[in-house]
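**Student:** Structure in structure tokens, see below.
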Amino acid sequence: MKESPVRCFLSWPLLCLLGLLLPVMWSCNLPPSGTSSSGTDSSTSDEAERTRKMEEKAAEIERHAEEIRNMQGTEQEKIDAMNRLEEERRELNEM
């Protein structure tokens, strides 16, 4: 049976989200380059806060993607929801 275009359209955003999250997750595990172990606590806490906000935003985007996959509505409503989701992903990418 042929898969609907909407289902194909809804699956690629997950790959995009994964592409956005993997570099963030990898960079969290690596020590910052060019800094000594006597770095200031404020810069560490600022970085931790920024990372926490990005992770929260990514989780929110994932929840929205799941809602879109399960939503009932017209094709245009689904397309509009996907466009809003893409805008959220662009904002996360700019962070």
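The values are calculated or read from the model by the stated rules, or taken from the named source; none is laboratory data. This one's a predicted model, so the numbers in the text were calculated from it and none came from an experiment. Using ideal geometry, Cβ is built from the backbone for each residue, glycine included, and neighbour counts are taken over all protein chains shown. Just the protein is used for accessible areas: all its heavy atoms, side chains included, with ligands, DNA and RNA removed. Shrake-Rupley method; radii C 1.70, N 1.55, O 1.52, S 1.80 Å.
**Student:** With in contact (Cβ under 8 Å) with a residue 60 or more places away in the chain and not polar (S, T, N, Q) as the only criterion, which of 63, 69, 89, 84 stands out?
**Tutor:** 89
**Student:** If you don't mind, another one. Kindly establish whether residue 94 is modelled with pLDDT of 90 or more and open to solvent by 40 Å² or more (accessible area, probe 1.4 Å).
**Tutor:** Details: modelled with pLDDT of 90 or more: no; open to solvent by 40 Å² or more (accessible area, probe 1.4 Å): yes.
It is false that residue 94 is modelled with pLDDT of 90 or more and open to solvent by 40 Å² or more (accessible area, probe 1.4 Å).
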